[in-house]
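Working notes for the structure below.
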Amino acid sequence: MLSNSERDVLATPVLVLNKSYQAVRVTTARQAFSLLYGARARALDASYEPHDFAAWSAIEPTEEELAVRTPRGRLCVPRILWLCDYNRVPRTPLRLSRRNVFLRDGHACMYCGATGELTIDHVVPRSRGGGGSWENLVACCRACNLAKGHRTPEEAGMTLRCAPVRPTWTVVVQLANVDEHLPIWEPFLGPARSLRRKAS
């Protein structure tokens, strides 16, 4: 029977990479152990060296590492899994919403970079035919939104920090719901970095 603390450990987030070392999702330690034991994945250590289940179970966990008890001793919880045979990047359609626009823009104004109270701005105003699309909506602070008014950025003398585009990631959205972000994940996250800084 598992104790409450062991159940919590099995709910620990684990970053999952495809065969090309691209982040494809975040899973739980419970699912990670299943993939590792079933030889569908390898656990990466702090040096990013892959280990199969036998090699991983031979590694003695340190005091600061999360581990679960097994009949053979303590088993370290992997923090990154590398899928042996899966090489795709899942493309889940990302719903256009206020929250997802803020995630895409790193919770910062796309004109001045402020991170205070944000709203949504139509780059091309609705009164000029600008629609509600990924390419026309940006996160914007109230001061910049008032300064821009019903004008285009060019007419208002304002510059976007980068062009708004439809996001192609899904891992970033999963990370928004993860309380703990690990430095060991850093090399694999790419566009998620600004989100992780905001969430930390």
Roughly speaking, what is the stretch gain from residue 182 to residue 8, that is 0.36 nm per residue apart minus the C-alpha to C-alpha distance, in nm to one decimal? 60.9 nm
Stokes-Einstein D (µm²/s) once Rh is taken as the Kirkwood radius of segment 98-156 over alpha-carbon pairs, at 25 °C in 0.890 mPa s: 217
For segment 105-169, run through the GluC sites (Glu not before Pro) and keep only the ones in DSSP coil with at most 10 other Cβ atoms within 10 Å of their Cβ. 117
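Only the coordinates and a few stated rules stand behind these numbers; no lab work does. Please read these numbers as outputs of a predicted model, since none were measured by experiment. Here the Cβ is made from the backbone with ideal geometry for all residues, glycine too, and neighbour counts use every protein chain on show.
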